Every structure is written in C-alpha cells, then in structure tokens.
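K.L.:
Take a look at the following structure, please.
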Amino acid sequence: MSDAIEYELKGDIAILRANNPPVNALGHAVRSGLIAGLERAESEAKAALIVGGGRTFFAGADIKEFGKPFKEPGLPSVCTRIERCSLPVISAIHGTALGGGLEVALGTHYRIAVSSAKVGLPEVLLGLLPGAGGTQRLPRLIAVERAIEIITTGRQVGAAEALELGIIDEIGEGDIEEIGVAYAQRILAEGKGPRPVGNMPRPTPVDFDAIHQAALTKGRGQIAQATAVRAVEHACNNDIDAGIKLERDMFMALLKSPQSQGMIHAFFNERAVSKLPELKGVEPRDVKAIGVIGGGTMGAGITVAALLAGLDVTMVERDSSAAQAGADRVSGFLQGSVKRGKLTADKYDAIMANGFRASDSYDALSNADLVIEAAFEEMGVKKTIFAKLDRVCKKGAVLASNTSYLDVNEIAASTSRPADVLGLHFFSPAHVMKLLEIVVAADTAPDVVATGFALGKIMRKIAVRSGVCDGFIGNRILKTYRTCADHMVLDGASPFEIDTAMTAFGFAMGPFEVADLAGLDIGWATRKRLAPTRDARERVATYADKMCEAGHFGQKTGQGYYIYEKGKRGGTPDANVTALIEAERRELGITPRAFSQDEIQRRYMCAMVNEAAKVVDEGFARRPLDVDMVLLFGYGFPRHWGGPLKWADLQGLDGILVDIQSYAKEDDFFWQPAQLLERLVAAGKTFDDLNKGDTV
Ligand code: 3HC
C-alpha cells in the first residue's frame, strides 16, 4: 500500500485517508493507493470511506504531472473502479474537493461534507475540462443546466449550495473522519448498497448549439469552456463508459493545446512570483498601522485595499478640505463594497470608526509602521513629501512611493534613511487591481523588500519585484507596445481596428480604450516632458496632442478616441480622430496601407516581447515569469496565453526574431532586436528555460 493513502479498518468500515500534503493532489501514488485500498476493503470491510488527511480533501489531479509521461492507473479508471466497488463507498469532504477531487467524490456512492467545504470543477481555469468523468457524472446527478454552469465557470460551490443542488447528500459538523465514519455506519445500518452515479439516467438534452456558441463568445478566444459544453452533450447521448472515453479524448486534446500550457504557466507562476530566493530567511518588519499620503483616486484605492485587509490607515492630505474629500472617497468605495455584498454594514461601521482617519498633519504619521506616498507625479513634490516623512516617521518605518515612472533612487536620496525607502507601485483602481510592483532601489534593505512582499500578501496582491528604470517593468513595456500601435496608426491602421484586433487576441480592452480610461492628459504631459531630449530618429504620432488641446482627455471629458454618452457602457469611435490622423499622414507624406488583424496582433506582440526581453536582460525583471505576471495582473493580458513571454515561447522564438528583423528594415531605431532574444534563438532555448534557472 502506498503511503499516500493510509488504510485503517475501523469495525466494518475501511478508511482510505489521503496523505499527500499540502493539498492531497491526485498524483500517481495517491491513485494507486486508492485502487489498492479498495481491493483490500472488498476483502475485509462492509463499506469504504474516502477522506482527506490534513487541511483538505483532494484538490484535483496533480498538475505537476501534466505534460510528463502518463502512468497507469489514470484518474478516470480510478473513479470507475470506485464506482464499481462491491461495497458502498462514501466520501467525507472538508477543505476543497476540486477537479479530480470532486470527480473522485462523484465516483463514490454517497457524499457528506462539513459546512465550510467547497466543491467545484475548475479545470477550465487551466484551459482544460474535467477529464475523469466530471462532465458525465455531474449532469446525471444534478440538472444539466446547473452542471454546465458549474463546469464552464469553474467556480467553487459552497457546501450549502452543493446540498441544495444534490451534489452532496448531507452536511455534518465536527471532525471530518468521525462524521464520515458515522455516516458510513448509518448507511450500513439502513441496508443501503452501492449507488453508482454512472447508472443514473442520461441527462435530458438542452440547446447545446446555443450554449456552445455563447461559451465561445464569452471565452474571447478561449476554447476550454465551449469544448466542455460539447463534453456534457456527450453525456446525453452515450452510456457512462462511452461518454468517459469521449471526455478523455477531449481532455487530452486540450492538455496539448497552447492555451492550457499558458494557463498552467499562470497558475504556478502567480504563486512562484513572490517567492524570491534572496528573501529566504529574511524577516519582514511588523506592519499593522500604515499611512497614505494623498486622498485622490489612487490614495483612496490603496487605503481601501489596506482597510479591507485589516490594516489601520491614516490618510494625510495637504489641507482639511482635501482630507475630507479623501475620506469621502474612501467611504464611497467602501459603501460600494457593502452594496455588492463584499462587506457587511457592521464591518463598514467598525472600519470607519476605528480603522481609518484622515488628517491634514504629517504628525499623525508618527506611529505608522509604513507610509505609502500617492501624491502628484512630480519629482519636486515627492522630494518635499519624503523630507517631511523623514522628519516625522519613527525609526524603522518603511517609506514607500507609489510613483509609476520616477526614479526611486532619487526619492530615497532625499531622506536620511534610503535603506528604508522603496517603491510600491499599485495599479488603479488599487482596491481592485491585483498587481503590485515592488520597486527595489539601490540602497533598499532586504528586510524592507521583504516587508513590501509581506504587505502584498496581506493585501492579497500579486507582488512582483522590479528594479528602478523608467516605468519599471509594466509601464516601460506598455510604452513600447503602445508606440508600436501609434506607428501602425500613422501607417494606415485605425485606433479602432487596433483595439478590435487586440480584444480578439484576448485583451479585456484595446490600447486606445485603455488610454481613454486612464486619461489622455497623462500621455500628453509625458510627450511634452520627453520632447526636448527625444532622438531625431524616433517616430512620434502627434494627432493625440490636438485631441488634448481641444480638451478631449478620454472618458472623464466624454470624448477621446471614442465618444462616451452618459449612462451608456463603452464608447463609439470618434470620426474627428480619423480626420486628425489623416491630416497627420498627409503632413508626413505617408500613403496609408491596410493592416490585417493578424499583422496588427503580430507587430503589437513582437514589440511587447522584444521590450520585455530587454527588461529581463537588463535585470530590471529578474525572470521572464516576473514580466508575465506583471502583464497578466496589471495590463489585462489574456491569461490563456500565460503572459507575453510564455506566448512567445509557444509561438516559437525564432519566428518572432525573424519578424522583428524584418520590421527593422522599415524602422531600425524602434525595432532593435533584444540581445537576449537573439541569444535564446541561437542556443535553441526558451524564456521558460530561464525561469527554471538556465542561462544564455
Ligand atoms: N496539483 C499540484 N499542486 C497543486 C495543486 C494541484 N492540483 N493545487 C495546489 N497545488 C500546490 C500549489 O502550487 C502550491 O504549491 P507551492 O506551495 O509550492 O506554491 C500548494 O499546492 C498550495 O497551494 P495554494 O498556495 O494555492 O494554497 P491555497 O490554500 O491558497 O489554495 C487550492 C488551495 C484552493 C486547492 C488551490 O491551490 C487550487 O485552486 N488548486 C488548484 C485546483 C485545481 O485546479 N484542480 C483541478 C486540477 S486539474 C484536474 O483535476 C484534472 C482532472 O479533471 C482530470
């Protein structure tokens, strides 16, 4: 018997207890342990109980085994073996029964769970579909529409809802194993035998074509959800064995798809990104009370994220009316959380009464463990603020700037304690967006970096280390691919075609829609700032300056690349923008040409990958995965591609380099191939090889 499944005979009941920490993933040893346990149980027990040891039931198939040579017994045959057991088999669920974990439970004949347990089939979130009978058994057990919804969203279903739907039979309280044993004894006492879900009637067909089409549309290029719909359809037309075989073929096809490789890359690296080897053993400083300088959208968003994470926050503004306005903004955001049911009214009252205060005096920050400055983006302003913080903050307090472009070394140098200074770059709205760039300056102390990551964890952010460069990891890369988009506009594409192409690629929004949302005045100010030092070879589109001169700053003024009508979602393309672009082309003597959607996507992505490779090579991002997570969690990059550098690996780096070299023939200033890309291609390696510690 494998150690991964402990076997114990308790009276008439054989207990098969999973012992594969941390989440009892169904790796090979667990699967063979289950088969061996059932065989032994059949020879000496009257019922079998499957239960998870430690913190959870099975969290699913072992994702680390995916892509490696497959070892029997496979999970589908384990579930079928459980279902065909001659004894009644019961599962007792605590923690999470996800993916293969729920499929094991669906293979058993009876299911009991504690009220805190959650069940679900999250395979689509890995670009897969349930591949061990989930698409065949769940719609036999519960209404087919409900099964489709659970499978295509991948959401976790709480025990109470699972009971109502019929996924589980009972809810019990107390020690999970004791509950399971008592339930098994009751089943035996009542003379109940095996009750295979696979023998239940096939589900009644629904309009699968319409549901499939809706899943495709909603998936924005993702195929797993729509494929899963077809798998459920097979349950209506096949007996259990044939259905499971069809499901398995679809699962294996998805497993080989680039999309699942991208999503599995995202799954592991969103966890790996905050684990820095150099921080092993470094204790973060204690952070309970924080200060926030600035009560604008960013400062208020950071404040709300911190309050919701249970931190005490003092907000400081320049005068009492600005402090009041900041406090009102915070209260408005929190009330929004109450309305959406994310925060109880009592908790809101408690936060506003005890956890939060706004002030116009820096002295209010004398006890803060950490202060985040989120003031106007101008070096002089930042330096004045940091000099004040240096005077009032206690020894050992961490001083952070939320700057998105400015030099954190220069900010640190304006204090007498540069070792305590770092950048904490949140993304707007800060209480919603997951990304946090931890910007490490030249003198930042290791325990201050560790404190930044600890804060990220408390605030449930994806924290990524960045070095100090213009725009750090994300905005530096954004600037490059945005410039590429501007060049395509000058050469003949419209902003609207580019937005359409990039949303078809899978981005939530195109670059021009994003610009309208962020405000066009920011880019305008940057263009003006950089103009005096700009290289003469750089191509810069200036039609957007004319939009700004006319007071069109995007959504906030009702007009930008798009026109926005009050009360309507989204905007409609502004024909005046097209006229401005045409005028600029005429001025520059450019004859516009057509761009296909493929070409737009390819150029845009090549620009992103090329700059990302430079950011890694120059050491501002330590690993390709750091860039991938920044783009996924801060810039709406489609998760099913895993990030730009995973996308590049999946496309083939040699082809990308060839394309960049060919674009360089038109503009060798903008398209300078990244040396790292050239070295990887020469060595026949991928960005992911670098994630695993390889060098080139
Ligand atoms: N396989 C392998 N490793 C897994 C895993 C899995 N299914 N699930 C979690 N892990 C690992 C994580 O990578 C992490 O490793 P690390 O400590 O080295 O970073 C560790 O377990 C702990 O995970 P979390 O940090 O995520 O712990 P949480 O307590 O926050 O969350 C969880 C636990 C809810 C179970 C979450 O890990 C999760 O959602 N896991 C994935 C569940 C899933 O997708 N299951 C379906 C798998 S596919 C499948 O079953 C196919 C089948 O149909 C054939």
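The values are calculated or read from the model by the stated rules, or taken from the named source; none is laboratory data. If you're wondering where the values come from, they're calculated on a predicted model, not measured in any experiment. No Cβ is skipped: glycine too gets one built from the backbone with ideal geometry, and neighbour counts run over all protein chains shown. Side chains are part of the model used for accessible areas, which takes the heavy atoms of the whole protein and leaves out ligands, DNA and RNA. Shrake-Rupley method; radii C 1.70, N 1.55, O 1.52, S 1.80 Å.
K.L.:
Per residue, what accessible area does the chain have, given a 1.4 Å probe and all protein chains present, in Å²?
P.N.:
41
K.L.:
Compute the angle between helix 320-339 and the longest alpha-carbon principal axis of the chain, please, reported from 0 to 90 degrees and rounded to the nearest 10.
P.N.:
Result, in degrees: 30.
K.L.:
Report, to the nearest 10°, how far helix 144-153 tilts away from the longest principal axis of the Cα atoms in the chain, using its own Cα long axis and a range of 0 to 90°.
P.N.:
40
K.L.:
Moving to a separate point now. Given a 1.4 Å probe and every protein chain left where it sits, what share in percent of the accessible area of region 287-466 is carbon and sulfur?
P.N.:
52
K.L.:
Name the residues whose placed amide hydrogens come within less than 5 Å of the amide hydrogen of S359, ignoring near sequence neighbours (fewer than 5 apart) on the same chain.
P.N.:
The answer is M315, V316, E317.
K.L.:
Only bridges with both residues in the chain count here: give the DSSP antiparallel percent, nearest 5.
P.N.:
25
K.L.:
Compare the peptides 124-137, 65-78 by average per-residue count of other Cβ atoms within 10 angstrom and give them in order, highest first.
P.N.:
Those peptides, ordered most packed to least, come out 124-137, 65-78.
K.L.:
I need the phi-derived Karplus couplings for region 196-202: 6.51 cos²θ - 1.76 cosθ + 1.60, θ = phi - 60°, integer Hz, Gly and Pro marked x.
P.N.:
x, 5, x, 8, 6, x, 4
K.L.:
Under the 0.36 nm per residue contour assumption, what length would be gained going from the current alpha-carbon distance of A309 and F268 to full extension?
P.N.:
Full-extension gain reported as 12.4 nm.
K.L.:
Per-residue HN-Hα couplings for region 681-692, Karplus 6.51 cos²θ - 1.76 cosθ + 1.60 at θ = phi - 60°, whole Hz, x for Gly and Pro?
P.N.:
Whole-Hz 3J(HN,Hα) from phi for region 681-692: 5, 4, 8, x, 10, 10, 4, 5, 4, 5, 4, 8.
K.L.:
Mind running the shape call on region 64-164? Use the C-alpha gyration tensor, a ≥ b ≥ c as the square roots of the eigenvalues: rounded below 1.5 for a/c, prolate if a/b tops b/c, oblate otherwise.
P.N.:
Here region 64-164 falls in the oblate category.
K.L.:
Consider all pairwise Cα distances in region 542-696 and report the whole-number % of them above 22 Å.
P.N.:
56
K.L.:
Report, in degrees rounded to the nearest 10, the 0 to 90 angle that the Cα long axis of helix 624-634 makes with the longest principal axis of the chain.
P.N.:
Tilt relative to the chain: about 80 degrees.
K.L.:
Given the DSSP H assignment, sum -39500 (n - 2.57) over each helix run of at least 4 residues in the chain and divide by its residue total; what's the result at 222 nm in deg cm²/dmol, nearest 500?
P.N.:
Result for the chain: -15000 deg cm²/dmol, rounded to the nearest 500.
K.L.:
Additional query: Quick check on my link table: of K347/K388; K218/K546; K528/K646; K218/K566; K665/K692; K118/K218, which ones sit more than 29 Å apart, alpha carbon to alpha carbon?
P.N.:
K347/K388; K218/K546; K528/K646; K665/K692
K.L.:
For the peptides 625-632, 520-527, 85-92, what is the packing order when you average, over each peptide's residues, the other Cβ atoms within 10 Å and list the highest mean first?
P.N.:
Descending mean neighbour count gives 625-632, 85-92, 520-527.
K.L.:
Given H placed on each backbone N at 1.01 Å, which residues far from V439 in sequence or on other chains put an amide H within less than 5 Å of it?
P.N.:
Result for V439 returns G423, L424, H425, S466.
K.L.:
Would you grab the residues whose amide H sits under 5 Å from the one on A430? Only those 5+ places off in sequence or on another chain, please, with H modelled 1.01 Å from N.
P.N.:
Excluding prolines and chain starts, which carry no amide H, the hits are G301, I302.
K.L.:
Right, something else. Counting only other residues whose beta carbon sits under 15 Å from that of G295, what net charge do I get with K and R as +1, D and E as -1?
P.N.:
Local charge sum for G295: -2.
K.L.:
Excluding R195 itself, calculate the net charge of residues whose Cβ lies under 13 Å from the Cβ of R195, where each Lys or Arg counts +1 and each Asp or Glu counts -1.
P.N.:
+2
K.L.:
Something else about it: Give me the one-decimal nm value for the distance between modelled label points at D346 and K568, 7 Å along each residue's Cα-to-Cβ direction.
P.N.:
According to this spin-label approximation, the distance is 4.6 nm.
K.L.:
Another question, then. Compare H552, H109 by solvent-accessible area with a 1.4 Å probe and give them largest first, with all protein chains kept in place.
P.N.:
H552, H109
K.L.:
Please compute the contact order of region 474-691 in relative form: average sequence separation of alpha-carbon pairs under 8 Å and at least six residues apart, divided by the residue count, as a percent.
P.N.:
23
K.L.:
Here is a further query. For the chain, evaluate the Debye formula with one uniform point scatterer on each Cα (no solvent term) and list log10 I(q)/I(0) at q = 0.07 Å⁻¹, rounded to two decimals.
P.N.:
-0.57
K.L.:
If I model a spin label at A387 and K275 as a point 7 Å from the Cα along the Cα→Cβ vector, what separation in nanometres do I get?
P.N.:
Using points 7 Å along Cα→Cβ, the separation is 4.5 nm.
K.L.:
Using θ = phi - 60° and the Karplus form 6.51 cos²θ - 1.76 cosθ + 1.60, what ³J(HN,Hα) does each residue of region 120-127 get, whole Hz, x for Gly and Pro?
P.N.:
My calculation for region 120-127 gives x, 10, x, 4, 4, 6, 10, x Hz in order.
K.L.:
Count the net charge of all other residues whose Cβ sits under 13 Å from the Cβ of A550, scoring Lys and Arg as +1 and Asp and Glu as -1.
P.N.:
-3
K.L.:
Which percent of the accessible area of region 5-256 is formed by carbon and sulfur heavy atoms (probe 1.4 angstrom)?
P.N.:
Of all accessible area on region 5-256, carbon and sulfur atoms account for 54 percent.
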